[in-house]
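The values are calculated or read from the model by the stated rules, or taken from the named source; none is laboratory data. Just so you know, these numbers come straight off a predicted model, no measurement behind them. Positions of Cβ are backbone-derived with ideal geometry, glycine not excepted, and every protein chain shown enters the neighbour counts. Heads up: the accessible areas ignore ligands, DNA and RNA and are worked out on the full protein's heavy atoms, side chains in. Shrake-Rupley method; radii C 1.70, N 1.55, O 1.52, S 1.80 Å.
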Amino acid sequence: MSFSDLGLMPELLRAVADKAYDTPSPIQIQAIPAVLAGRDILANAQTGTGKTAGFVLPILQRLHADTVHGTQRAPRTLILAPTRELAAQVAQSVRDYGKYLQLRTYQVFGGVSINPQITALRNGCDILVATPGRLLDLVQQRFVDLSKIQVLVLDEADRMLDMGFIPDIRRIIKLLPQQRQNLLFSATYSDDIRALAERLLRNPLSIQIAPRNAPIELVEQRAYRVQKEHKRHLLAHLILTGQWRQVLIFTRTKHGANRLTQQLEGAGITASAIHGNKSQAARVKALDMFKNGQITALVATEVAARGLDIKELPHVVNYELPNVPEDYVHRIGRTGRAGLGGEAISLVSADEGSLLRDIERVLRRSIPTLPTPEFRIVESAPVAADANRPARHGHGNRGGERRDIRRGGHMAARGRGQPQRGRFN
Ligand code: AMP
């Protein structure tokens, strides 16, 4: 099976060839002909399956066949996404796949000034990628006309529901023409998703790629049991001794992400945090630096990292386990993408044992716990002092300011010596 077997036009095949995709992924094989034929779709697929190309390629083809000329055109396809990162990423995919077509794409999301978006929207577009809240603002101020929408895509619908966007989505749907094609993508199926699908979709093709577990097959999962206050030392040890060049680390809180970023930098590891309190510009910069290899570690909260397309990510670390087992699946879906393997490591403290068991139950498999390696516990300068340091001078704490004060890992596991709690935090 090749992309040309799916009925795609030469301009799209060229764009796919530029991306060096050899063969269509299973979701693309099912979704592309169905979307080309105008069918509604309910797809159970997570990030990493190639779902974006699965809906973007056929939508581009349909829009091209029905080209509207003139500059004042209203969007004909609306793609709703839960986060600004995902919206920006999907818009970029639309531009990449549509590079040989004359279609216009624009993205709108919150967290940045609305004025440039208003100006850009005046120029018209064919495909609008949006987060629900900002879109409604723009619609209410009459800067967006949704009356020409022919195709609606809800990408990561489960996450949009989790984030409380359902009333916004309902409002948006009411503003769309009745006659339209609807595509719903969701990594998980809850009752709410089912209810939304029932209301929205007409005779949908149900696609169960559900590689909720399939990509996970490619990910080497392991866990280390470690005391909470030693996690950062073990993490620094793993990064440094493994000579990791790129690792995405999940923390539970924004504050925890900031603190760990500073601690890693104190250990000589270049790092940056990405979470909801950071400006859009700071998030984009951190992500770019990570993708370009300028920093080793990207420390992220769940929501900020959701849907990020970071290619061939070799290492993902759950610094803290998520409360919801499905989030674990999403997190480790950052690695082992599109056929490439990766490694997902969870640092599990005593109070997280039950979370690990919940995850194993959802995965229907156990995650091997490895013997904790011997790692150095290093006392670094206090965080407050670190905070005044220029952010990219990750080696500033080497040498005199740092003192090895004890070893963790095997020794701790064998019970030789108690951790010297207060000193490490
Ligand atoms: P997605 O699931 O849409 O987030 O896509 C995951 C990643 O797979 C992206 O980096 C895409 O560029 C890549 N990708 C999509 N389709 C293919 C394909 N047929 N072959 C190889 N990589 C692909």
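Sorted largest first by accessible area at a 1.4 angstrom probe radius, with every protein chain in place, the residues 270, 253 fall in the order 253, 270. Gain on full extension, evaluated as 0.36 nm per residue between residue 147 and residue 374 minus their Cα-Cα distance, stands at 75.4 nm. Ordering 276-285, 145-154, 185-194 by mean Cβ neighbour count within 10 Å, with the highest value first, yields 145-154, 185-194, 276-285.
Mind scanning 174/278; 174/291; 99/148; 231/285 and naming the pairs with a C-alpha gap bigger than 30 Å? Table pairs above 30 Å Cα-Cα are 174/278; 174/291. Within the full protein context, the accessible area of residue 237 is estimated at about 40 Å² for a probe radius of 1.4 Å.
Taking a ≥ b ≥ c as the square roots of the eigenvalues of the Cα gyration tensor of the range 3-208, is the shape rounded (a/c under 1.5), prolate (a/b larger than b/c) or oblate? Oblate, since a/c reaches 1.5 and b/c is not below a/b. Exposure check, 1.4 Å probe, all protein chains in place: residue 319 carries approximately 20 Å² of accessible surface. Accessible area ranking (1.4 Å probe, heavy atoms, ligands and nucleic acids excluded), largest first, for 239, 166: 166, 239. The phi torsions of the range 161-171, fed into the Karplus equation with coefficients 6.51, -1.76 and 1.60 and a -60° offset, translate into couplings of 5, 4, 8, x, 8, 4, x, 4, 5, 4, 4 Hz, rounded to whole numbers, with Gly and Pro shown as x.
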